Amino acid sequence: MNMIWKEKTLTTNSPVQFLDITAMVQAEVSSSKVKEGICYLFVPHTTAGITINENADPDVIRDLTGILERLVPKNGGYRHREGNSDAHMKASLIGSSCAIPVVDGCLDHGTWQGIYFCEFDGPRKRRIKIGVMGEKE
Amino acid sequence: MNMIWKEKTLTTNSPVQFLDITAMVQAEVSSSKVKEGICYLFVPHTTAGITINENADPDVIRDLTGILERLVPKNGGYRHREGNSDAHMKASLIGSSCAIPVVDGCLDHGTWQGIYFCEFDGPRKRRIKIGVMGEKE
Amino acid sequence: MNMIWKEKTLTTNSPVQFLDITAMVQAEVSSSKVKEGICYLFVPHTTAGITINENADPDVIRDLTGILERLVPKNGGYRHREGNSDAHMKASLIGSSCAIPVVDGCLDHGTWQGIYFCEFDGPRKRRIKIGVMGEKE
């Protein structure tokens, strides 16, 4: 068994943005040479998260960000002076890590699933940690 | 260390349904012969999720699905034309993966915890990926 | 590769409380002697969870618990007779497990991130399972 962590940088260009990072994550899985195992993703930020959802119709992502804004409005009379408590809450609701099966050297997610880095307080330069664990061929 | 992924199929029979899959997951852990390690669950769908919650009083699950419907109503004026944006949002709030300790060949969860496959856009035929990693005896 | 689970006890002293357990988790990582790998956290309770969020300004945590109470009020006309359905829902929204990279023997989270045990139905005596997997030096 083998385990290695890499870090990649991302640039977001609006306050709230879901970036499809599926191809970038698959490239890391491929370069790891792991055939059977698991891929971990970890976001080292407190106002961003990671989720897996539909990658076909972009309206799904628009609906998701709209619903999250309705549930946790940007301006909600919060105490934290930086004014981004909504982004902290969205990060904890969506979560800051996930794990995806690796089979035959590929991310083994569903047909309609994409991996999204979720920016909730952008635009910013961000990082993501990608860990691949498993058996090489 | 050892890592193997299996896929199981599930059938849901209503639009929203939490299926207790604890016994099915334990059966996979047992057949893996892993004694100490971890069990991963991954849902390859964008309108279903997985969570761990109470398995004693079925009213808890009824309350959970009721609260989720109040937070993210089925009909909310969404853009996605398939009309199931609520199910996509619920999937991302609940999450599509989890990991449970394996100790002495058994899932080492709490006394009152059950593992639930969460259907948000059924009824459908669904899949779940179960990965067991660890040391065999 | 190596994998070991430990259990620690925690005591919460109010109904809703986010306990910063980062130092406790790092101590387990250090005693495991794992240099490169991953640390898993699992909460074996159905009315508590775990999340990662800001550890600098305590107002962030106050805002998070306030927003969660607004989204899922303690008294919401629920069916479950124990009267803590809100706590069950909060646990499933926040999640009961997470995984953090271990690099050079240390939890490799972000500068502003702390690991929080989230009590939603306290005060109580609670447990948390900590698993460290990876290569020793």
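The values are calculated or read from the model by the stated rules, or taken from the named source; none is laboratory data. Note that this is a predicted model, so its numbers are computed, not measured. Every residue, glycine among them, receives a Cβ derived from its backbone with ideal geometry; neighbour counts consider all protein chains shown. Surface accessibility is based on the protein's heavy atoms, side chains included, excluding ligands, DNA and RNA. Shrake-Rupley method; radii C 1.70, N 1.55, O 1.52, S 1.80 Å.
Scanning segment A:106-131 for residues that are closer than 19 Å to B:Val43 by Cα and open to solvent by less than 40 Å² (accessible area, probe 1.4 Å) returns A:Leu107, A:Gly110, A:Gln113, A:Gly114, A:Ile115, A:Tyr116, A:Phe117.
The conditions are (1) touching a helix residue (DSSP H, G or I) at 6+ places or on another chain (Cβ under 6 Å); (2) at pLDDT 95 or above; (3) not hydroxyl-bearing (Ser, Thr, Tyr), and A:Ile100 fails exactly one of them. Which is it? Status for A:Ile100: all satisfied but (1).
Would you be able to tell me the number of residues in segment B:1-17 that are hydrophobic (A, V, I, L, M, F, W, C), open to solvent by less than 70 Å² (accessible area, probe 1.4 Å) and more than 12 Å from B:Arg127 (Cβ to Cβ)? Adding up the residues that qualify gives 3. Residues in segment A:95-110 that are at the interface with another protein chain (Cβ under 8 Å from one of its Cβ atoms) and either under 10 Å from the mean Cα position of the chain (by Cα) or in a loop (DSSP other than H, G, I, E, B) (or both): A:Gly95, A:Ser96, A:Ser97, A:Cys98, A:Asp108, A:His109, A:Gly110. Has segment C:18-40 got any residue that is surrounded by 23 or more Cβ atoms within 10 Å (Cβ to Cβ) and touching a Phe, Trp or Tyr at 6+ places or on another chain (Cβ under 6 Å)? Yes: one or more hits. With respect to the conditions (1) farther than 16 Å from A:Val72 by Cα; (2) modelled with pLDDT of 95 or more, C:Arg81 lacks only one, and its number is (2). Only residues that are touching a residue at least 60 places away in the same chain (Cβ under 8 Å), over 16 Å from C:Val103 (Cβ atoms) and either within 14 Å of chain C (Cβ to nearest Cβ) or assigned to a strand (DSSP E or B) (or both) were counted across segment A:1-54, and they come to 23.
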